[in-house]
1. Which is within 23 Å of Ile61 (Cβ to Cβ) and either assigned by TED's automatic domain parsing to the domain that holds Phe86 or surrounded by 13 or more Cβ atoms within 10 Å (Cβ to Cβ) (or both), of Leu195, Leu191, Leu160, Leu186?
2. Return the residue satisfying two criteria in turn: it lies in region 14-43 and is of a type in the set (S, T, N, Q) and in a strand (DSSP E or B), and of such residues it is farthest from Glu93 (Cα to Cα).
3. Search region 93-120 for residues that are farther than 16 Å from Ile21 by Cα and pair each with any residue that is of a type in the set (Lys, Arg) and part of a helix (DSSP H, G or I) when their beta-carbon atoms are under 7 Å apart and the residues are at least 6 apart or on different chains.
4. Of all residues in region 63-103, how many are under 20 Å from Phe28 (Cβ atoms), surrounded by 14 or more Cβ atoms within 10 Å (Cβ to Cβ) and out of contact with any Phe, Trp or Tyr (no Cβ under 7 Å at 6 or more places or on another chain)?
5. Give the residues of region 119-157 that are surrounded by fewer than 19 Cβ atoms within 10 Å (Cβ to Cβ) and under 17 Å from Ala65 (Cβ atoms), sorted by residue number.
6. Being modelled with pLDDT of 90 or more, closer than 22 Å to Val78 by Cα and buried (at least 18 other Cβ atoms within 10 Å of the Cβ): is that true of Leu173 here?
7. Is there a residue in region 13-27 that is aromatic (Phe, Trp, Tyr), under 26 Å from Lys97 (Cβ atoms) and either in contact (Cβ under 8 Å) with a residue 24 or more places away in the chain or not assigned by TED's automatic domain parsing to the domain that holds Leu145 (or both)?
8. What single numbered condition from (1) over 17 Å from the mean Cα position of the chain (by Cα); (2) in the same structural domain as Thr73 (by TED's automatic domain parsing); (3) modelled with pLDDT of 90 or more fails to hold for Glu135?
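The values are calculated or read from the model by the stated rules, or taken from the named source; none is laboratory data. Source: prediction; values computed, not measured. As a convention, Cβ positions derive from the backbone with ideal geometry for all residues, glycine included, and neighbour counts pool all protein chains shown.
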Amino acid sequence: MIVKEVQDASAELWENALPHISIDCVVFGFHNNSLNVLMPKLKGEQSWMLPGGYVYKDESIDDAAKRILFERTGADKVFLNAFGVFGNLNRSEDYFKDYPDNLWHKQRFITLGYYALVNHNDVNPVTDVYSDSCEWISIENIPNLVMDHKNILQKALQALREQISHKPIGYNLLPETFTMPELQALYETILGQKLNRGNFYRKIMRYNILVKLDEPRKGGAHKAPNLYRFDKENYKKALNEINW
C-alpha cells in the first residue's frame, strides 16, 4: 500500500473536501469484440482499482466525477451516468486499517457510482501519483480489486445491461462507421449471450437511429455487410423516448 502519497493528501482533503462522500467511476470501452474497463493499478501493489476520489466543497458532484476521472486516467469530456450508491459498513475503512485513525481515507465513506461508455481511441490512459499504470482490462479477466470495487463494477455492468433493454447503445463505443454484425457483436458482448440476427436487425431499424451509407462495403465483396453510422439527433431523441 502506498504511504507517503496518501498521508500527504490527507491534510489537504480534510481542509477542502466534503466528509464521508466519495466517487468511483466505471469506464467501459469496446475494442476487438471485447468489453473493457479502464482501471489504474496501485503503486507498489498487485491490486487494481476503479478510478475514484473525493468531492471538493466548491464543486458539484457531477463536476467532481469528471475531474476525478480525468486526474486518475486522463479520460476527458466523458459523459458519466450515476448508477448507484454504496455504503456497506467498513467498505473502505478496513483497507486503511494500518494507518492512523485521523487519516482522511480511513474515515467512513459512502461512494457514488458513475459509469461511462467511451471509444478506446478517444482515451489516452495516464497514471497519477497513486498508480503504476492505467490500462484497459477485459471484463472477462478482471484482476483482484481493492475494497468493494468488484461489487461496484458488477453493479455498473448490470446497469449497462438494463439500459440495453430500453435504450440504444453504441454511439460512444463504436467507430464512426460500422457494420450491423459489429453492432450486434457489441450487444452480444455486453449481454453475454447470442442474439438472433433477424430479430436484432428489425429491432434496431425500427427506431430510426441508423443511417445506411452509400460507401463501399467492408472488404469490397458483393455480400459484404453494409456500412452504417448513427443519426446523432435521432439517437439523442431515442435515449429520452425509446422503451424497448
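1. Residue meeting the stated conditions: Leu160.
2. So, considering only residues that are of a type in the set (S, T, N, Q) and in a strand (DSSP E or B), the one farthest from Glu93 (Cα to Cα) is Ser34.
3. So the pair list comes out as Phe96/Lys106; Tyr99/Lys106.
4. 13
5. Asp128, Lys155
6. No; evaluated as a whole, the condition is false for this residue.
7. yes
8. The failed condition is (1).
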